[in-house]
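**Q** Sharing a structure with you now.
Since every read-out is calculated from the coordinates, none of them should be taken as a lab result. Keep in mind that what you see is a predicted model, and the values were worked out from it rather than measured. Every residue, glycine as well, gets a Cβ built from its backbone with ideal geometry; the counts of neighbours run over all protein chains shown.
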Amino acid sequence: MILLLTLGTLRGGATSISKYVSINDIPPLSYAMWQSMVAAILLISMGYLKTRRLPPVFARPVFFITCALIGVSIPNVVFFYVVQTLSAGTMAVLLTLVPLFTYMLVLALQVERFDVVRVGGIVMGFSGALIIATPSLTNGLNFDWNVAIAMICPLGYASMSVFIARYPVRDSHPFLLAGGTHFVAFLFLLPTAILTNEYLSIWKDPGLVESLVVVHGIIAAIAYSLFFKIVELAGPVFYSFSTYIIGITGIGWGWFIFGETHHYSFWFAVALILGGLTVVNLRRKVKLPVESD
């Protein structure tokens, strides 16, 4: 439970760091790239000190490439893009949709039977997201597509949690798994940033914004190591409860740092999302079958 509280609080606060950095002219690709590099260095170093081993990237390439793409590179770049226009509190709340996506994925994998009650929870949750995307109907139905794009983030994180639980690497330390994932993500993001002219060095003239990128990398190192450990110990369902904490602390940090306030419809949407999350997690879910390569 302590691991869960720590993970949720760190990721909730990271939404405000992301917004501050993103609105201060750091390209999303470069932001994600340097964040992953810092996290990779820290995690691999800690893993090596503990085990005298390196991440088994070449032995398990499919595992690391999959996690790097669906759980780090794509959702992080999307996150840093949309948080420029969406509030930090909104992004934190949207991250609470992870368990809903998780349940949809285990249904698709036919790990669990169709449950009307839980599907009702999914409907509640996505109804809340829809309200956030259409906060006011005064001037017609104006849909904020940034909210829809932002949904890629919880979908990616949910996909990675299910993938890790289904195809675990049991003979490697969680630090090495997380570090290897960030290292592979960095290898994808570096050439992508260069090719798209989004490469920006944060080491040339470092200031507060550049320092926060490094801080976010440190937070990512801690958060992803906790993520792997929690999924390993208790599975993706227990991990999904961290989203309650992400949402609450994310709204709080957004108010404290940016002075963010929200319309009553936002709070109704938050209630729907958290209510849907509670409904989806009412019953104990079965563990995903483990498959080996």
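**Q** Hey, fewest Cβ within 10 Å first, where do 119, 82 land in order?
**A** Least crowded to most crowded, the residues run 119, 82.
**Q** Placing +1 at every Lys and Arg Cβ and -1 at every Asp and Glu Cβ, with all other atoms neutral, what dipole size does region 1-138 have around its Cα centre, in debye to the nearest 20?
**A** Here region 1-138 has a charge dipole of around 460 debye.
**Q** Here's something else I'd like to know. With label points built 7 Å along Cα→Cβ from the Cα atoms of residue 52 and residue 119, find their separation and express it in nm.
**A** Rounded to a tenth, the inter-label distance reads 5.6 nm.
**Q** Let me ask something else about it. Say the dipole of region 2-280 comes from +1 at the beta carbon of Lys and Arg and -1 at that of Asp and Glu; which of 54, 29, 152 then lies farthest toward its positive end?
**A** Selected residue: 54.
**Q** With charges set only on the Cβ (+1 for Lys and Arg, -1 for Asp and Glu), what does the dipole of the chain come to about its Cα centre, in debye to the nearest 20?
**A** Result for the chain is approximately 860 debye, rounded to the nearest 20.
**Q** Using a Förster distance of 22 angstrom, determine the FRET efficiency expected from the C-beta separation of residue 208 and residue 84, and round it to 0.05.
**A** 0.80
**Q** Which FRET efficiency value, to the nearest 0.05, is calculated for residue 108 and residue 149 with the Förster distance at 22 angstrom and r the Cβ-Cβ distance?
**A** 0.50
**Q** Of 46, 160, how do they rank once you tally other Cβ atoms within 10 Å and put the fewest first?
**A** 46, 160
**Q** Okay, next question. Note down the relative contact order for region 2-280 as a percent, whole number, built from C-alpha pairs under 8 angstrom at least six residues apart.
**A** 45 percent
**Q** Could you tell me which of 130, 244, 92 has its Cα farthest along the dipole of the chain towards the positive end, charges placed at Cβ (Lys, Arg +1; Asp, Glu -1), taken about the Cα centre?
**A** Result: 244.
**Q** Please rank 263, 216, 182, 173, fewest neighbouring Cβ atoms within 10 Å first, as an exposure proxy.
**A** 263, 173, 216, 182
**Q** Place a label point 7 angstrom from the Cα of residue 142 along the Cα-to-Cβ direction, then list the residues of region 65-107 whose backbone nitrogen is under 17 Å away.
**A** Under cut-off, by backbone N: 85-87.
**Q** Can you work out the FRET efficiency for the pair residue 25 and residue 130, with r the C-beta to C-beta distance and R0 = 45 Å, to the nearest 0.05?
**A** So the FRET efficiency works out to roughly 0.90.
**Q** Give the label of the value calculated from the structure for Cα extents along the principal axes in Å, choosing from (i) 57, 49, 35; (ii) 72, 37, 33; (iii) 97, 45, 40.
**A** (i)
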